[in-house]
Amino acid sequence: MSERLVIIGNGMAAAKLVEEIGKLGLGRYSILVIGAEPMLAYNRVLLSSLLAGEVARDDMVLKNRDWWRAQGVTLLYGEAATAIDTHARTVVLDSGKIIPFDRLVIATGSTPIRLPKPGMDLPGVLTFRDHDDVSAMLDATSPVTRAVVIGGGLLGIEAAHGLSKTGARVTLIHLMDRLMERQLDPEAAVLLRRELEARGIEIMLGADTAAVEGDACVEAVRLTDGRVLPADMVISAVGIRPNAELARAAGLAVNRGIVVDDGLATSDPAISALGECAEHRGTCYGLVEPAYDQAKVLAARLCGRPAAYAGTVLATNLKVSGMPVFSAGDFIGAEGTEAIIYRDPGLATYRKLVLKDDVPVGTVLVGETGDGLWYLDLIRRGEKLGPLREAIVFGRSFAEAA
């Protein structure tokens with residue numbers, strides 16, 4: 001008989017895991033996928049495009065119903081898992097249903113962080129994480145809407161871009177001294193800021209939120225320096241945290257995320273975790289690519305094949321308001337590294353390659369990012385550049401022809 005494989009979470013990581021298991025074609029498992037959101041798995045990366053009106057909801061669906069049916073998967077979405085019994089090997093749903101399992105995978109993703117500041121519970125304060133968030137924004141926006149986005153990281157910039165496309169007047173406030181400080185160096189961040197400002201988004205750096213003000217709903221955001229920003233809507237985009245409460249309540253090892261080993265197993269060998277809810281070697285990844293890497297490894301392990309996850313060299317590939325940016329690895333440059341830089345201010349193009357002992361360890365690109373994946377491959381291979389060094393900053397075609 002088939003083993004009962006239950007996956008909690010119907011997001012991008014879960015869909016990729018089912019796809020990878022299907023590629024192995026062993027038919028070992030009877031698979032049930034449980035999803036709290038009442039819809040098929042969709043591409044969260046496209047939420048800002050949905051907000052901006054650039055894609056439709058159906059365009060975001062990762063796999064249609066026929067695909068899931070062809071995989072032999074039972075989908076149970078619109079129901080949340082509320083408890084895991086590791087002894088009885090069951091999952092309890094909010095409807096009261098009890099689902100038995102032989103193997104369990106937790107792929108519950110993450111939850112958005114709300115700043116612990118006064119007024120963050122007022123109507124009109126939203127997060128930016130799922131379809132419901134986008135629907136709430138679209139219902140509340142108009143050309144006269146004054147929207148304040150708190151957070152100048154990836155999520156905040158995507159939210160600001162999407163809201164500006166609706167016609168809203170958008171102010172983006174960020175505590176740090178540059179946008180996307182985890183993905184861009186100072187020079188690259190300046191170029192991105194200029195592009196966003198050219199699109200009508202006001203940027204305020206070094207701005208610390210003191211409180212959201214209003215009586216029955218949002219009226220303003222007050223900063224710690226005393227400035228007050230009138231607002232009809234506030235978007236909290238200050239980060240995410242692993243959704244690990246189910247695992248913690250079940251007695252599994254949890255630090256910031258659900259602790260997993262190189263095989264993606266938790267402290268209970270019958271239970272695995274992957275994606276944004278998992279913590280591997282002390283790291284919780286908040287991006288899609290690591291989740292997909294983990295899905296390939298976990299699928300192999302579930303099907304009895306040797307595989308190990310050693311971590312992912314993080315890369316960010318983003319296009320905001322027509323400004324492509326890409327970064328990977330140590331793009332700032334630690335002690336003992338050197339940087340090769342090419343810049344064209346007229347074209348707003350910037351390339352930076354960071355080397356250590358003639359080996360690429362990081363890159364950041366702005367304006368022209370077509371060679372980003374090639375640079376990423378060089379970083380992951382960890383080989384000395386040799387004759388490529390003289391021309392590498394000009395891109396793959398030039399370097400390989402030199």
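All of the numbers you see were taken from the coordinates with simple rules; none came from a lab. Small disclaimer: the values here were computed from a predicted structure and weren't measured. No Cβ is skipped: glycine too gets one built from the backbone with ideal geometry, and neighbour counts run over all protein chains shown.
In order along region 77-84, the Karplus-derived 3J(HN,Hα) couplings, from 6.51 cos²θ - 1.76 cosθ + 1.60 at θ = phi - 60°, round to 10, x, 10, 9, 7, 10, 7, 10 Hz, and Gly and Pro are given as x. Between region 318-374 and region 1-21, the C-alpha centres lie 36 angstrom from each other.
With the convex hull constructed from alpha-carbon coordinates only, region 39-137 shows a mean projected area of 8.9 nm² over all directions.
In debye, nearest 20, what is the charge dipole magnitude of the chain about its Cα centre with +1 on Lys and Arg Cβ and -1 on Asp and Glu Cβ, if you could check? Numbers along the way, then the final one.
Numbers: 42 positive and 51 negative charges, 140 e Å.
That gives a dipole near 680 debye.
In the chain, helices alone account for a calculated mean residue ellipticity at 222 nm of -7000 deg cm²/dmol, with every DSSP H run of four or more residues adding -39,500 (n - 2.57).
Mind checking region 361-402 for trypsin sites (Lys or Arg not before Pro) that DSSP puts in a loop (not H, G, I, E or B) and that have at most 15 other Cβ atoms within 10 Å? Spell out each step's value before the answer.
Numbers: sites: Arg380, Arg381, Lys384, Arg389, Arg396; in loops: Lys384.
Hits after loop and neighbour filter: Lys384.
DSSP loop trypsin sites (Lys or Arg not before Pro) in region 290-341 with at most 12 other Cβ atoms within 10 Å of their Cβ, which ones? Don't skip to the end; give the middle numbers.
Numbers: sites: Lys296, Arg301, Lys319; in loops: none.
Within region 290-341, no trypsin sites (Lys or Arg not before Pro) qualify (loop, at most 12 other Cβ atoms within 10 Å).
Here's how it looks for Ile113: its modeled amide H is under 5 Å from those of Val238, Gly239, Ile240, Arg241, which are all 5 or more places away or on a different chain. Here the Karplus relation 6.51 cos²θ - 1.76 cosθ + 1.60, evaluated at θ = phi - 60°, turns the backbone of region 341-347 into coupling constants of 10, 10, 9, 9, x, x, 9 Hz, with x for every Gly and Pro. Close amide H pairs (under 5 Å, H built 1.01 Å from N) link Val361 with Val354, Leu355, Lys356, residues at least 5 positions away or on another chain.
In this structure, the amide hydrogen of Ala273, modeled 1.01 Å from its nitrogen in the peptide plane, lies closer than 5 angstrom to those of Ile106, Thr266, counting only residues at least 5 positions away or on a different chain.
Past 22 Å, Cα to Cα: identify those pairs from Lys63/Lys296; Lys319/Lys352; Lys16/Lys352; Lys63/Lys165, in the order given. It would help to have the intermediate numbers written out before the result.
Values: Lys63/Lys296 17 Å; Lys319/Lys352 18 Å; Lys16/Lys352 33 Å; Lys63/Lys165 28 Å.
Pairs exceeding 22 Å: Lys16/Lys352; Lys63/Lys165.
How about region 175-266: which trypsin sites (Lys or Arg not before Pro) there are in a DSSP loop, with at most 16 other Cβ atoms within 10 Å of their Cβ?
Numbers: sites: Arg178, Arg182, Arg193, Arg194, Arg199, Arg222, Arg227, Arg248, Arg256; in loops: Arg178, Arg182, Arg199, Arg227, Arg256.
Sparse-neighbourhood loop trypsin sites (Lys or Arg not before Pro): Arg182, Arg199, Arg227, Arg256.
Given the choices (1) 84, 43, 42; (2) 66, 65, 38; (3) 81, 44, 36, Cα extents along the principal axes in Å derived from the coordinates of this structure is entry (2). Normalising the average separation of contacting C-alpha pairs (under 8 angstrom, six or more residues apart) by the number of residues puts the relative contact order of the chain at 14 percent.
What the phi angles of region 29-42 give under the Karplus curve with 6.51, -1.76 and 1.60, with θ = phi - 60°, is a coupling list of 10, 9, 9, 10, 10, 10, x, 6, 6, x, 6, 5, 4, 9 Hz, glycine and proline written as x.
Once you reduce region 252-315 and region 213-242 to the center of their Cα atoms, the two points are 36 Å from each other. Treating each Cα of region 316-401 as an identical point scatterer and summing with the Debye formula, the log10 of I(q)/I(0) at q = 0.17, 0.22, 0.23 Å⁻¹ comes to -0.63, -1.05, -1.14.
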